[in-house]
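Report on the structure given below.
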Amino acid sequence: MSMENEWRSFVRKYWRIGVVFVVAAVLFFAWSVYVFLWFVGMSQSSGLVPSVLNLWTMSHLVTFIVYAVLWEILLVGVPIVVAGVVGWQLWWKKVPEMERRFHFGGRKRSTGGGGGSLLFFIAFCVKVFIDGKWNTPIASFTLDYVVGSMITILVWGLVTIGIPAAIGLTWWISHEMKKV
């Protein structure tokens, strides 16, 4: 039997759980959007953040992101984990071992995404804090300030990575030269 036929028989055999998975994914997506909209309204009415965007500061932005992530984890992430554990206990453990290993036991070819954007955002927050503009409305940032900050952050990154890389490369070259 070919690999395609094996997958086809697997899908035919377990099509009901596929439907349950799709319905659960749609419901969890809708729930996560609802939780985010609830949090946006609550954060404005409670005074956590200004309702006018040009009054937001980096402090407001970071606070908003942290609280939004925490609420999403609590109200969406935890139920997803519980549903996953329940699904694993009720269905996946009952699939025969050989069938599980054949379809899902292989090597994964994908790699995780990089964290460059998150690190860049954190570095920008640090730069704004160091410059004393933490509680300054973001709307007052000039293009020169933002571009200059980005270049400064890139230089920080190059220095942070470049110096240890240069030391390591120098050590490696000197070590290789001694072998010759």
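The values are calculated or read from the model by the stated rules, or taken from the named source; none is laboratory data. Computed from a prediction, not measured in an experiment: that's the story for all the values here. All Cβ positions, even for glycine, are placed from backbone atoms using ideal geometry, and neighbour counts span all protein chains on display.
When 110, 117, 149 are checked against the criterion of being in a helix (DSSP H, G or I), of a type in the set (Ser, Thr, Tyr) and at pLDDT below 90, 117 stands alone in meeting it.
Of all residue pairs spaced 6 or more apart or on separate chains, none has beta-carbon atoms under 9 Å together with a first member in the range 8-24 that is in the same structural domain as residue 96 (by TED's automatic domain parsing) and at pLDDT 80 or above and a second member that is of a type in the set (S, T, N, Q) and outside any helix (DSSP H, G or I).
Against the criterion of being touching a Leu at 6+ places or on another chain (Cβ under 7 Å) and farther than 30 Å from residue 127 by Cβ, residue 35 qualifies. The test for being of a type in the set (A, V, I, L, M, F, W, C) and touching an Asp or Glu at 6+ places or on another chain (Cβ under 7 Å) does not hold for residue 52. Considering the range 135-145, the residues that are surrounded by fewer than 14 Cβ atoms within 10 Å (Cβ to Cβ) and under 27 Å from the mean Cα position of the chain (by Cα) include one that is farthest from residue 55 (Cα to Cα), namely 135. Could we say that residue 69 is out of contact with any Ser or Thr (no Cβ under 7 Å at 6 or more places or on another chain), at pLDDT 95 or above, closer than 28 Å to residue 128 by Cβ and part of a helix (DSSP H, G or I) here? Against the criterion (out of contact with any Ser or Thr (no Cβ under 7 Å at 6 or more places or on another chain), at pLDDT 95 or above, closer than 28 Å to residue 128 by Cβ and part of a helix (DSSP H, G or I)), residue 69 qualifies. Among the residues of the range 132-139, is any in a helix (DSSP H, G or I), modelled with pLDDT of 90 or more and more than 30 Å from residue 12 (Cβ to Cβ)? Within the range 132-139, one or more residues are in a helix (DSSP H, G or I), modelled with pLDDT of 90 or more and more than 30 Å from residue 12 (Cβ to Cβ).
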